[in-house]
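The values are calculated or read from the model by the stated rules, or taken from the named source; none is laboratory data. Fair warning: this is a prediction, and the values are worked out from it, not measured in the lab. Here the Cβ is made from the backbone with ideal geometry for all residues, glycine too, and neighbour counts use every protein chain on show. Accessible surface areas use protein heavy atoms only, side chains included; no ligands, DNA or RNA. Shrake-Rupley method; radii C 1.70, N 1.55, O 1.52, S 1.80 Å.
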Amino acid sequence: MNALIVTAVLGVMMMFSSIVLKRNSAIRMLAIVGLLFTFIANVLDSSGVHFFSINIKGMMHFDQFAYFFISISIFCTFIFFLLSAKEMERIGVNYSEYFALIFFILCGIILVASFTSLLILFLGIEIISIPLYILTGSDKKNLKSNEASLKYFLLGAFSTGIMLMGIALFYGSTGSFSVENSVVIAATTSPMLLIGILLLLFSMSFKVSAAPFHFWAPDVYDGAPTVFTSFMATIVKAAAFIAFIRLFSLAFTPLQDRWQLIVAVIIALTLFVGNITAVFQQSVKRMLAYSSIAQSGFMLMALLAFNTFSVEGILLYIVAYSISTMGIFSVLVKMKDSSLEEFNGFAKHQPVLAVALTVFLLSLAGIPLTAGFLSKFYMLKAVMHSGNFLWLIIFAVLMAAVSVYYYFRIIQVMFFKESDSNTIIVSTSFKWLLSALAIIIIVLGVYPQLLLQFLV
Amino acid sequence: MGVTAILFWILSSLALLSAIMIVVSKNPVHSVLWLILVFFAISGHYLLLNAQFLAIVNIIVYAGAIMVLFLYVLMLIDLKKIVDPQRSLWIKLVGVATGCCLLLVLIAALSKADQTTALTQTIGGNIGLVENLGKILFSEYLVPFEISSILFLSAMVGAVVIGKK
């Protein structure tokens, strides 16, 4: 609850900060300090120091997992600010408003990580979505950005409508908004409840861009300003996953055998569409969009098995995936355009960055000794332990092998192609930060308990 | 026959008449105006069923916001250019068939409704009163109510970001 109120207040503060603070660097500093304060508030909250005592009537429940995930997303946003907050200046004049919207999104993330009532879930998803529509279209002079924003808005509103219908059917058959097993058990025979669950499944699949509900994702990720793409493809997507898993693990386990096969098919489709389409992309940004679809196939596996492996796996996956993707995007945002040729001979000009990028790409591909490998391993192990869906595991491994091709293509271009004299200018601190992130990826790949020990 | 029953019949006939006029009238602007009349008649029905809040919201949202949207859309289209296209017999037949299907569903659903005798209910059933809604909103659902302010605030910030030059 601490972090929720702090982020909401910080959002309002950022909104007004441009009146007082004239320089962009001051606004950026305020945002970073505010985020640090939010992180401390959340850690204090999890160790029992509550700033506020509010009777939330059982509509939210902050367990250790929720606190931990909130900490992770605040930390990832912190990294995002350090890496790319400066690039936001180039998008438009509303610098402080962008920060305000990001803080509001964080507020929504906290809600979806801790809800126990469908009402809060709906509010959280909407608080995440509406600022994102704006951020997608924030590059107002760019036609592609406008198109992406409009597409995202229309499709997002449509899927929210489907979700509302699902919630209404859930309420109609159970008489309660509360997300509990007991509520569902009392109404298991009701066909209305089953339809409600299906509608919720579809709308949440849309939010995490799982196939066949993924069609918005490539266009939106491609059209949005690259800075915001890196935010929405990582932190926001992770939050949608947590909401999805929380909803289904808390409430719908009694009806598991009814929806698990559908989820398995969705996963297989997502892996197939994401990986195969990514192979044919010429633009790195679009390739990363499809790769994020493919990665969400792996993350969805946490829905098939609710055990300790899947809980640890999804958190590790979120950290590994978010850090790697944000790292690649932070370099991409500094380039002239996002075509593959831009990376020609990158290793000659920027050896440090090239090595860091290689680590990120290896992690995304799931090569051993990186966090990406372990997280994929955890997810497969979780599904293995649940006993079913052996075909899915084999298929997923095959698809992971396909993904190696398009990730390695960037590595190959960076190291073995000659460049035509285009370089990017980066500061020393940026190099240090990116190297530190690469080291985090490797350390987590060798010793994941460093992260997972906090999840007691 | 009491006052409420007379009111019920008046409102019902008004609603039906204006609904037919929506379809029949050639001018789309007239159709929209007839639609507003339908909404007011239905709001009157809500009042007869002791659902004040629903009645008010129906007028504010439908007769207010959505109708203005309809009129704006009509303003944007050049009405003179659109001539009534001659539809083929098949399309007309399909239209009649779908309409009959909807009618069948509605009759099937309504014939099993609980209260076919009581037309109005001005006493009892206090769920729809503004007072009860306010009470539950500010006690049971206070937290979601407050949180929705963040949603609206972010939407407003977004509107400014998009709308500002």
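Descriptive notes on the structure:
- Carbon-plus-sulfur accessible fraction, the stretch B:1-63 (probe radius 1.4 Å, protein heavy atoms only): 82%.
- Distance between the modelled labels on residue B:148 and residue A:416, one decimal in nanometres: 5.9 nm (7 Å Cα→Cβ projection).
- Relative contact order for chain B: 25 percent, from Cα pairs under 8 Å spaced at least 6 residues apart, divided by residue count.
- The mean count of C-beta atoms from other chains within 10 Å of the C-beta of residues in A:126-134, rounded to a whole number, is 5.
- For the stretch A:303-430, alpha-carbon Rg and Dmax in angstrom: 17.1, 54
- C-alpha center-to-center spacing [the stretch A:349-418, the stretch A:244-284] in angstrom: 18 Å
- The share of C-alpha pairs in the stretch B:3-128 whose separation exceeds 22 Å stands at 54 percent.
- Cα gyration tensor shape for the stretch B:1-44, rounded if a/c is under 1.5, else prolate or oblate: prolate
- Phi-based couplings in Hz for the stretch B:95-110 (Karplus 6.51, -1.76, 1.60; Gly and Pro marked x): x, 4, 4, 5, x, 5, 4, 4, 4, 4, 4, 5, 5, 4, 6, 6
- As a size descriptor, the averaged projected area of the C-alpha convex hull of the stretch A:2-455 was calculated at 20.3 nm².
- Förster-model FRET efficiency, 35 Å R0, residue A:181 and residue B:107, C-beta, rounded to 0.05: 0.30
- Summarising the amide proton neighbourhood of residue A:60: residues at separation of 5 or more, or on other chains, whose placed amide H is nearer than 5 Å comprise A:116.
- Average accessible surface for chain B: 73 Å² per residue, computed with a 1.4 Å probe over protein heavy atoms with every protein chain in place.
- Computed from backbone phi, the HN-Hα couplings of the stretch A:256-268 come to 3, 5, 7, 10, 5, 5, 4, 4, 4, 5, 4, 4, 4 Hz, rounded to whole numbers (Karplus: 6.51 cos²θ - 1.76 cosθ + 1.60, θ = phi - 60°; Gly and Pro given as x).
- Selected from A:193, B:54, A:60, residue furthest toward positive end of dipole (the protein assembly as shown; charges at beta carbon): B:54
- Minimum 30 Å² accessible area buried by the other protein chains, the stretch A:79-107 residues, probe 1.4 Å, relative to alone: A:94, A:97, A:101, A:104
- Sorted from longest to shortest, the spans of the Cα atoms of the stretch A:1-152 along the three principal axes equal 46, 34, 25 Å.
- Mean separation of Cα pairs under 8 Å and 6 or more residues apart, divided by the residue count, gives chain A a relative contact order of 14 percent.
- Sorting A:339-351, A:109-121, A:178-190 by their mean Cβ neighbour count within 10 Å, with the most densely packed peptide first, gives A:109-121, A:339-351, A:178-190.
- The stretch A:24-80-the stretch A:2-20 distance, computed between alpha-carbon centres (Å): 13 Å
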